[in-house]
Amino acid sequence: MGSKYFHAIQILDENCTGCTACVRVCPTEAIRVRNRKAYIDPNRCVDCGNCVTACEFHAIIPSSDPLDIIQNYKYKVAIISSSFFGQFTEDVSYAAAKQAVLKLGFDEVSEEAMVTDFMISIIRDYVRKNRDKRPILSSNCPAVVRLIQVKYPSLLPNILHQEAPMSILTRYLREKISKEKNLADEDIGIFLIVPCVAHVTAVHQPEGAYKHLQDGAFSTGMIYGKVRDILKDIQNNPEEIDTYPHGLTWALSGVQAELVDTDDIRALSVNGIDNVMDILSRVENHYLDQYDYIVLRSCTNGCVGGCLNVENPFVAMSRIKKMSKEGEDKPIHVEELEKLHAEGEFSVSPLAPRPIMELDKDIKKAIKKMKKINEFLTMLPGLNCSACGSPTCYALAEDIVLGKASLDDCVVLKRNNPANEEE
Amino acid sequence: MAEYWYIAEGFEERIKDFQSRKTEAEVNLDFEIPEKDFNAAGKGSSELKDLLKRLGVNSEILRRIAVASYEAEINVAAHSKGGVMYSAVYDDLIHIRFQDDGPGIEDIDQAMVPGFSTADDLVRELGFGAGLGLPNIKKNSDAMHIVSAKGSPTLLELFIYIS
C-alpha cells in the first residue's frame, strides 16, 4: 500500500506490456512506466478510470467487492445508480431490471432516482445560503471532488458540502430500517451498484463523511451477467416493483443543471474530465462568477459514461431519456428526508487539499528545483512521446529532478548518442 | 508617452527596492500573444498558473495572479496587434510584463474607468470587451505600471508579491 489513499484500480504486472497508453491519458499525470511496468502514484490518482478504458491488455483492472459479502449482514439493501437502467436492450423494462437486482439476494432494493427531486431542493437551498462562495461546484462525482483536492485546492470551499444522492439515501434507509425492523446498525448491510471506479473508492474511503455510510460497492459490469440470467425468468413472470422514471435522468450530464437552474440560480453543466479541468481553471480565474452552480462530471455524458458500464454512453443516455418519459414516480416520504436534512445528517466536513503539484514545501527550494527542471528540459527532445514512461518531456525533467528517473530513460537521446550504439 | 502608476498602500518601499536592485529573475516564462487569437489567448496565464502551483504559491495569491494575468493577456489579444507576455518569478514576487506592438492607449485614465471599453464588435461578440479589464488587473495587483500613447506600443507591468 504505502499510501493513505485507497484506490479501486489495480495493475496486473503479468499483463502489463509497458505500452504507456495509460500514462498518456491520465489527467493528473499519476502513472509512470518503469522497467516496462506501469505504476500508479496513489497520491495523484483521482480514480477517474481513464486508464482502465485505455488499457488494451487487461492489465489495469477495476476492483469492486465480491457479491457474497452481502451474506455478512442480516438485512441486505442495494442502492442502484441511475445509469444502471440504461445498460439493457430495449425489451428489458426498467421494473424488470430492478426486480432482477433484488433477486441477486437482497432484502430490499432502492435507487438513486428516488431522491433526485429532494437533492435538487437541497442544492438550491445550499446555493442560496452560500452566495459568497459563488460558483458552488457539484460534489456528486467523486473523481471531480478528488481532482479539485489535488489540482485546484483553492476551489475546495466552493464544493457543495452535502452528501451525494446515494449517500443521502443510505442515511435515510439506515434510520428507517433500524426502526422498522428493529435491527442494529451492524446488521444492516447497504451496498451501491456503481458505474465507475471513483464510486467504489468513495464507498471505501468517503471524503468528509461524518457518519457510517455504505458497506460495499458492486460494479455494474460485474453483476451484469448474473442480472441478465435472472431477467430471463422475470420477463416471463413480471412482479410489481416501485419505480422512479422521472429521477433516472440524474445519470445524464446536463439534466441536473437544468433542474437546478431557476429565476435566481444560473447553472452550468460540464462532462468529460478534460472539459472539467478547463472549466475549473476558468473558475480559478474568476471567469465563471456569473454562474451560481456548476455541475461537473468526469465521464462522457455523466454517469452513463462510467468505465464499469457495459453500454456505450450515448446509447445508454438515449435509453434513459426514453424510460424517464414513461410512467409515474412513486411518491416518497420527503418529510423524513427533510427532517434528517434539518438535523445536519447530510452535511460533509470541510474537504482538505491533497496537493500534488508542489515541488517543495519551501518556495526557495521549489524555485531551485524548477530551474533544474528547465535545464533538463532543454536537453530533452521535446517530442512528448512517453517512450521513457513519463507522460511528457516536462514530466520526465520533473521526475529526474525529484530523483524518480534519469536522463538515460529518454529513448530518443539514447538512440542519438553514438556512444550507446557501440555498446 | 503617457505613464500610469498604481501602487497599493504599503507596497511603495518594496516596489522602489525592486526597481533599484535589478536582480535577475529566478525563473522566466515567455509567451507570444497573437492578435485576435482567442483560442490561444489564456494559455500563457494558464501555464504561469501551473508553474506557480508547482512552486507552492499560496492559493489566494495564485488566484489573484491568475485573474490579473488572464485579463491582461486577453487585453493584448483583443486590443493590440499582438505582443508578448514575459513572466518573471522572483523568490518574493511575480513580475509580469505585457509588451505589445500598438496601437496604444489614447487616454489611460479613461481606460482605468470601470465599464469604459474601446473593444470592437468581433471582441464583444466573443464575450469580451466589458470594460473591466484594466480595473480588474489593478484590483488584483500590488502594483501596476502602464506606458503608452496613441500610435505607440503599450507596456503593461504588474507586480504581485508572493511572500
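What is the magnitude of the charge dipole of the range A:1-62 about its Cα centre, with +1 placed on the Cβ of each Lys and Arg, -1 on the Cβ of each Asp and Glu, and no other charges, expressed in debye to the nearest 20? Spell out each step's value before the answer.
Details: 7 positive and 6 negative charges, 43 e Å.
Approximately 200 debye in magnitude.
Let's see if you can work this out: charge +1 on each Lys and Arg Cβ, -1 on each Asp and Glu Cβ, no other charges. What is the dipole magnitude of the range A:286-332 about its Cα centre, in debye to the nearest 20?
On the way: 6 positive and 6 negative charges, 49 e Å.
My answer is approximately 240 debye.
Once every DSSP H run of n ≥ 4 in chain B is given -39500 (n - 2.57) and the sum is divided by its residues, what mean residue ellipticity at 222 nm do you get, rounded to the nearest 500 deg cm²/dmol? Can you show the working numbers first?
Details: 6 runs with 60 residues, N = 163.
So the helix-based figure for chain B works out to -11000 deg cm²/dmol.
Quick one: Debye curve from the alpha-carbon atoms of the range A:327-423 only, equal weights, vacuum; give me log10 I(q)/I(0) at q = 0.25 Å⁻¹ to two decimals.
The calculated log intensity ratios at q = 0.25 Å⁻¹ are -1.22.
In whole percent, what relative contact order does the range A:359-423 give with Cα contacts below 8 Å and a gap of six or more residues?
On the way: 53 pairs, mean separation 15.8, N = 65.
Answer for the range A:359-423 is 24 percent.
If you place +1 on the Cβ of every Lys and Arg, -1 on the Cβ of every Asp and Glu, and leave all else neutral, what size is the dipole of the protein assembly as shown about its Cα centre, to the nearest 20 Debye? Mind dumping the intermediate values first?
Details: 65 positive and 87 negative charges, 182 e Å.
So the dipole magnitude of the protein assembly as shown works out to roughly 880 debye.
Sorted by mean Cβ packing within 10 Å, highest first, what order do the peptides A:9-20, B:10-21, A:55-66, B:41-52 take? Spell out each step's value before the answer.
Numbers: A:9-20: 15.6, B:10-21: 12.1, A:55-66: 18.0, B:41-52: 20.5.
By packing density, highest mean first, the sequence is B:41-52, A:55-66, A:9-20, B:10-21.
Could you tell me how far the Cα centroid of the range A:208-278 sits from the Cα centroid of the range A:344-369, in Å?
Centre-to-centre (Cα) distance: 31 Å.
Identify, among A:I80, A:A30, A:F106, the residue whose Cα sits farthest towards the positive end of the charge dipole of the range A:1-116, taking +1 on the Cβ of Lys and Arg and -1 on the Cβ of Asp and Glu, with the dipole about the Cα centre.
A:A30
Ratio of Rg to Rh for chain A, alpha carbon only, Kirkwood? It would help to have the intermediate numbers written out before the result.
Details: Rg = 23.2 Å, Rh = 23.0 Å.
Radius of gyration over Kirkwood radius for chain A works out to 1.01.
If the convex hull of the alpha-carbon atoms of the range A:1-62 is projected onto planes in all directions, what is the mean projected area in square nanometres? Don't jump to the answer; show the numbers that get you there.
Numbers: hull surface 15.0 nm².
About 3.7 nm², averaged over all directions.
How would A:E112, B:E60 line up from fewest to most surrounding beta-carbon atoms within 10 angstrom? If you can, show how the numbers build up before the last one.
Details: A:E112 28, B:E60 8.
Ranked by crowding around the Cβ, least crowded first: B:E60, A:E112.
Note down the relative contact order for chain A as a percent, whole number, built from C-alpha pairs under 8 angstrom at least six residues apart.
On the way: 741 pairs, mean separation 88.9, N = 423.
21 percent.
Taking every DSSP beta bridge that has both residues in chain A, what percent is antiparallel when rounded to the nearest 5? Mind dumping the intermediate values first?
Values: 10 of 32 bridges.
So the antiparallel bridges amount to about 30 percent of the total.
What are the ³J(HN,Hα) couplings of the range A:267-276, residue after residue, when phi is run through the Karplus curve with 6.51, -1.76, 1.60 and θ = phi - 60°? Round to Hz, x for glycine and proline.
For the range A:267-276, the Karplus curve yields 10, 10, 10, 9, 9, x, 5, 5, 5, 4 Hz.
So which of A:K37/A:K414; A:K76/A:K129; A:K211/A:K321; A:K37/A:K361; A:K103/A:K179; A:K181/A:K330 end up more than 28 Å apart by C-alpha?
Flagged as over cut-off: A:K76/A:K129; A:K211/A:K321; A:K37/A:K361.
Could you grab the relative contact order for chain B? Cα pairs under 8 Å, six or more apart, rounded to a whole percent. Before the final figure, lay out the partial values.
Numbers: 318 pairs, mean separation 48.2, N = 163.
Reported as a whole number, the value is 30 percent.
Any lysines with Cα under 26 Å of the B:K138 Cα? List them, leaving off those in the same chain fewer than 8 positions away.
Straight-line reach from B:K138, under 26 Å: A:K133, B:K16, B:K22, B:K36, B:K43, B:K49, B:K53, B:K81, B:K150.
Would you compute, from DSSP H runs of 4+ residues alone, the mean residue ellipticity of chain A at 222 nm, taking -39500 (n - 2.57) per run and dividing by the full residue count, rounded to the nearest 500? Before the final figure, lay out each step's value.
Working: 16 runs with 160 residues, N = 423.
Taking each H run of at least 4 residues, the total per residue is -11000 deg cm²/dmol.
Taken together, the values in this text are just the output of simple stated rules run on the coordinates, not laboratory data. Note that the coordinates shown come from a computational prediction; the quantities given were computed from them, not determined experimentally. Heads up, the Cβs are rebuilt from the backbone with ideal geometry, glycines too, and the neighbour counts pull from every protein chain shown.
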